[in-house]
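This report concerns only the one structure given below.
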Amino acid sequence: MYEVTVTSPEATMALGQQLAPDLQPRDVILLDGDLGAGKTTFTKGLAAGLGITRNVKSPTFTIIREYQGGRIPLYHMDVYRLEEGGGDELGLDEYFNGDGVNVVEWSKFIADELPEDYLRIVFKRDDEAGESQRTLRFEPRGSHFEKLVKQLEDGTNE
Amino acid sequence: MSPTEKRNLILAFESSCDETSVAVIEDGHKILSNIVATQIKSHQRFGGVVPEVASRHHIEEVTLCIKDALDEAKVGYEDLDAVAVTYGPGLVGALLIGVTAAKTVAFAHNLPLIPVNHMAGHIYAARYVEPIEFPALALLVSGGHTELVYMPAENQFEIIGETRDDAAGEAYDKVGRVMGVNYPAGKTVDEWAHQGKDTFKFPRAMEKDDNFDFSFSGLKSAFINTTHHADQIGETLSKQDLSASFQQAVVDVLAEKTKHALADYPVHQLILAGGVAANQGLRERLERDLQSNPTTHLVKAPLKLCGDNAAMIGAFAYVAYQHGVFADATLNADPSLEFDWAADSVK
């Protein structure tokens, strides 16, 4: 586990960008945190790090947005609307076993569909410390993601 | 009857999100029927669209809608000239129902199939007010989209600006949820806004930037921060004032960006369309802004055609029909379909 505190949306974006070069197809990254905590902002940075030039928009309305044109595709999902179930009929498996990186917001609503290994990032607001202060907690599952987080930790501590 | 006198009849399908709709449209501008089966009530329980529920609902409704649409228009399959359908953007499972139904009807009755971009449909809801004159500019605002679309000529669409994060309608739904309003929240927030005052002065993102893009994520965060802070100190804020402040910020950004766009793209018509085009605050503001504009006049999509419906799909399908835009049985749903960006715009 690795925790980092950021004080601006730009810093959140930079973390996403730093993570991108080591990502592989079929990687699943879960972003958890309240409305307005910076999940989509993080994804914008990650997309930029993958070399995707298209603007990353909120996927809330369409559930899944696909971005081609980078080093590998990015599949950005927001399953906020699946709190009453239904995730099993979305065909998420095809994405998780596909050719790109999967970023999932509000993953607790599809807990049953998740693969064994993933990287969970928990976004926490700290209103005492300032309105744009956020703590990002990286929780890797499986050796690939443990290595990835270690690299990120070493990289940001340099 | 000579061929020129024969009326063109298109059976149009729309199923991209909440609504299952089938319409019969005559000559692209006369609605013979427009059946809309909404499932918003069932989605309110869930605070939003549930894709699986949506698909199932579309399947249940679509054949009933076809029958009602033909009956109400007093026509049969043999009277039709073409079948049209929304093939994107939208929820893939929902789109597929309309696409499959339309393909089936087209195949069974040997009719041409017209693929329609949902956003072109929204713009063409304005065709029921008056003919569209080119060049035209459309401000499209809905739950999933916020974009400025330039139309140099018929059947040509170019995006010149869009939201960088949340769509305007989505921001309404999210702040509505914070205030305890059910999905879709737009109407209630609009009503409250008219009873309150802009006391919170939320930030107007990108109002002055040198492009036509929108952003509503910062506004959403400011709204959440304000209510969150009040909760912590046990203060109760006026929902009317919160709504008025939020709506004023949204309307200011939409109206300012549109004004800048009109300066660079002189057009005959500004078309206001999409679900959020039903917002009274926005309609009033654009009306006021355009009163002093001698060259451009405002065409507002009719209130009852602002939401998703098949009549608007049929209106654009008539244009596509005349331009010979047809699909075959391989037509598939494209959930991420969008217009191209204008060649000269910097993204």
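In region B:150-200, how many are basic (Lys, Arg) and at pLDDT 95 or above?
Filtering region B:150-200 for residues basic (Lys, Arg) gives B:164, B:174, B:177, B:187, B:197.
Checking the rest, the ones that are also at pLDDT 95 or above come to B:197.
Going through region B:150-200 one residue at a time, the tally reaches 1.
On the given criteria, is residue B:293 touching a residue at least 60 places away in the same chain (Cβ under 8 Å) and either among the acidic types (Asp, Glu) or farther than 21 Å from residue A:132 by Cβ (or both)? Even if it seems obvious, please write down each step before you answer.
Details: touching a residue at least 60 places away in the same chain (Cβ under 8 Å): no; either among the acidic types (Asp, Glu) or farther than 21 Å from residue A:132 by Cβ (or both): yes.
Against the criterion (touching a residue at least 60 places away in the same chain (Cβ under 8 Å) and either among the acidic types (Asp, Glu) or farther than 21 Å from residue A:132 by Cβ (or both)), residue B:293 does not qualify.
If you go through region A:89-108, how many residues are part of a helix (DSSP H, G or I) and within 14 Å of chain B (Cβ to nearest Cβ)?
Of all residues in region A:89-108, those part of a helix (DSSP H, G or I) come to A:89, A:92-96, A:107-108.
Those left that are additionally within 14 Å of chain B (Cβ to nearest Cβ): A:89, A:92, A:94-95.
Counting residues in region A:89-108 that are part of a helix (DSSP H, G or I) and within 14 Å of chain B (Cβ to nearest Cβ) gives 4.
Taking region B:306-327 as the region of interest, how many residues are open to solvent by less than 30 Å² (accessible area, probe 1.4 Å) and within 13 Å of residue B:29 (Cα to Cα)?
9
Do you know which of the residues in region A:109-132 that are within 14 Å of another protein chain (Cβ to nearest Cβ) and open to solvent by less than 40 Å² (accessible area, probe 1.4 Å) is nearest to residue A:23 (Cα to Cα)?
Top of the filtered list is A:123.
Looking at region B:57-86, which of its residues are within 26 Å of residue B:167 (Cα to Cα) and either within 14 Å of another protein chain (Cβ to nearest Cβ) or modelled with pLDDT under 85 (or both)? Even if it seems obvious, please write down each step before you answer.
Just the residues of region B:57-86 that are within 26 Å of residue B:167 (Cα to Cα), to begin with: B:57-58, B:85-86.
Scanning region B:57-86 gives B:57, B:58, B:86.
Just one of (1) among the β-branched types (Val, Ile, Thr); (2) facing chain B (nearest Cβ under 9 Å); (3) open to solvent by 20 Å² or more (accessible area, probe 1.4 Å) trips up residue A:5, so point out which.
(2)
Can you pull out the residues in region B:168-192 that are over 16 Å from the mean Cα position of the chain (by Cα) and within 12 Å of chain A (Cβ to nearest Cβ)?
B:174, B:175, B:176, B:177, B:178, B:183 - these are the residues of region B:168-192 that are over 16 Å from the mean Cα position of the chain (by Cα) and within 12 Å of chain A (Cβ to nearest Cβ).
Can you tell me which of (1) outside any helix (DSSP H, G or I); (2) open to solvent by 10 Å² or more (accessible area, probe 1.4 Å) is the one residue B:107 doesn't meet?
All conditions pass for residue B:107, except number (1).
Which members of region A:8-38 meet the condition of being surrounded by fewer than 20 Cβ atoms within 10 Å (Cβ to Cβ) and either part of a helix (DSSP H, G or I) or within 14 Å of chain B (Cβ to nearest Cβ) (or both)?
In the first step, residues of region A:8-38 are kept if they are surrounded by fewer than 20 Cβ atoms within 10 Å (Cβ to Cβ); the result is A:8-11, A:14, A:17-18, A:21-22, A:24-26, A:32, A:34-35.
A:8, A:9, A:10, A:11, A:14, A:17, A:18, A:21, A:22, A:34, A:35 - these are the residues of region A:8-38 that are surrounded by fewer than 20 Cβ atoms within 10 Å (Cβ to Cβ) and either part of a helix (DSSP H, G or I) or within 14 Å of chain B (Cβ to nearest Cβ) (or both).
Do we find a residue being in contact with a Gly (Cβ under 8 Å, 6 or more places away or on another chain) and either surrounded by fewer than 20 Cβ atoms within 10 Å (Cβ to Cβ) or not hydrophobic (A, V, I, L, M, F, W, C) (or both) anywhere in region B:91-103?
Of region B:91-103, the ones in contact with a Gly (Cβ under 8 Å, 6 or more places away or on another chain) are B:95.
Filter again for either surrounded by fewer than 20 Cβ atoms within 10 Å (Cβ to Cβ) or not hydrophobic (A, V, I, L, M, F, W, C) (or both), leaving none.
No, that holds for no residue.
So in region B:153-167, with the set limited to residues that are more than 7 Å from chain A (Cβ to nearest Cβ) and part of a loop (DSSP other than H, G, I, E, B), which one is farthest from residue B:117 (Cα to Cα)? I'd like the intermediate steps shown before the answer.
Residues of region B:153-167 that are more than 7 Å from chain A (Cβ to nearest Cβ), as a first pass: B:153-162.
Subsequent filtering for residues that are part of a loop (DSSP other than H, G, I, E, B) retains B:153-157.
Numbers: B:153: 17, B:154: 14, B:155: 11, B:156: 12, B:157: 11 Å.
Among those that are more than 7 Å from chain A (Cβ to nearest Cβ) and part of a loop (DSSP other than H, G, I, E, B), it is B:153.
Which condition does residue B:273 not pass, out of (1) in contact (Cβ under 8 Å) with a residue 60 or more places away in the chain; (2) among the hydrophobic types (A, V, I, L, M, F, W, C); (3) farther than 22 Å from residue B:212 by Cα, if it passes all the others?
The single condition residue B:273 does not satisfy is (3).
Tell me yes or no: at least one residue of region A:138-152 is within 11 Å of chain B (Cβ to nearest Cβ) and out of contact with any strand residue (DSSP E or B) (no Cβ under 9 Å at 6 or more places or on another chain).
Initially, region A:138-152 is screened for residues within 11 Å of chain B (Cβ to nearest Cβ), giving none.
No, the conditions are met nowhere in region A:138-152.
Tally time: how many residues in region A:39-66 are within 9 Å of chain B (Cβ to nearest Cβ) and either buried (at least 21 other Cβ atoms within 10 Å of the Cβ) or within 20 Å of residue A:96 (Cα to Cα) (or both)?
13
Just need a number here: residues in region B:148-172 that are of a type in the set (D, E, K, R), out of contact with any helix residue (DSSP H, G or I) (no Cβ under 6 Å at 6 or more places or on another chain) and free of Cβ contacts under 8 Å to residues at least 60 places away in the same chain.
Qualifying residue count for the region: 3.
The values are calculated or read from the model by the stated rules, or taken from the named source; none is laboratory data. Note that the structure is predicted; figures quoted are calculated from it, not measured. FYI the Cβ positions are ideal-geometry reconstructions off the backbone, even for glycines, and counts take in every protein chain you see. These accessible areas exclude ligands, DNA and RNA; they are computed on the full protein's heavy atoms, side chains included. Shrake-Rupley method; radii C 1.70, N 1.55, O 1.52, S 1.80 Å.
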